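Take a look at the structure set out below.
The values are calculated or read from the model by the stated rules, or taken from the named source; none is laboratory data. Predicted model, so just to flag it, every value in this text is computed and none were measured. FYI the Cβ positions are ideal-geometry reconstructions off the backbone, even for glycines, and counts take in every protein chain you see. The accessibility values were calculated without ligands, DNA or RNA, using every heavy atom of the protein model including side chains. Shrake-Rupley method; radii C 1.70, N 1.55, O 1.52, S 1.80 Å.
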Amino acid sequence: MEDCIFCKIADGAIPCKKAYEDSDSLAFFDINPQAPVHILVIPKIHIPSLNALDEGNIKLVSHLLMVAKDLAREHGLSKNGYRIVVNTGDAAGQTVHHIHVHLLGGRNMGWPPG
Ligand code: AMP
Ligand code: ZN
């Protein structure tokens, strides 16, 4: 996707502070962190949102969650807890239309989220 900022980050055309990378996924620190640890995990292929997923994406989406879980452990969040968020659509506040998993931790979270 030509105009997608996360595709450009995945391509290396826009820099990021990388937290993890493999052939299918990339994780990088959010530019506007909402918690002491705020990492985004994305697929390298362009998928606009959860709404666009189909059965063929099951392995990839599972992989994104595994990466988030491993990063949580790596950043010392596993014991106290952390939050995984996938904003989907306008009402949820999705601003980048390339599916991404937010990993947030390092502080106590409120519920319900705003
Ligand atoms: P969402 O609102 O769920 O679509 O989340 C998009 C997230 O991407 C926000 O938390 C932004 O701060 C973050 N973001 C946007 N541009 C960049 C960038 N160039 N590098 C890192 N994070 C970004
Ligand atoms: Zn994209």
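Within the stretch 21-48, the only residue that satisfies the criterion of being in contact with a Phe, Trp or Tyr (Cβ under 7 Å, 6 or more places away or on another chain), away from ligand 2 (no atom under 11 Å from the Cβ) and among the β-branched types (V, I, T) is I39.
For N51, are the conditions met, namely being away from ligand 2 (no atom under 16 Å from the Cβ), loosely packed, with under 13 Cβ neighbours inside 10 Å and not charged (D, E, K, R)? Spelling it out, it is not the case that N51 is away from ligand 2 (no atom under 16 Å from the Cβ), loosely packed, with under 13 Cβ neighbours inside 10 Å and not charged (D, E, K, R). Taken over the stretch 86-108, residues that are loosely packed, with under 14 Cβ neighbours inside 10 Å and under 21 Å from F29 (Cβ atoms) amount to 4.
Checking L53, L77 one by one, the residue that is more than 10 Å from ligand 1 (Cβ to nearest atom) and either under 11 Å from the mean Cα position of the chain (by Cα) or more than 28 Å from G110 (Cα to Cα) (or both) is L53 and no other. The set of residues in the stretch 66-96 that are within 16 Å of ligand 2 (Cβ to nearest atom) and either more than 21 Å from I5 (Cβ to Cβ) or free of Cβ contacts under 8 Å to residues at least 12 places away in the same chain (or both) contains only T95.
Scanning the stretch 28-46 for residues that are open to solvent by less than 50 Å² (accessible area, probe 1.4 Å) and farther than 9 Å from H100 by Cα yields F28, D30, A35, V37, H38, I39. Per this entry, H63 is not counted among residues that are open to solvent by less than 70 Å² (accessible area, probe 1.4 Å) and either within 16 Å of ligand 2 (Cβ to nearest atom) or in contact with a Lys or Arg (Cβ under 9 Å, 6 or more places away or on another chain) (or both). Look at the stretch 6-20: where a residue is within 9 Å of ligand 2 (Cβ to nearest atom) and a partner is charged (D, E, K, R), sitting 6+ places away or on another chain with Cβ atoms under 6 Å, you get A10/K44.
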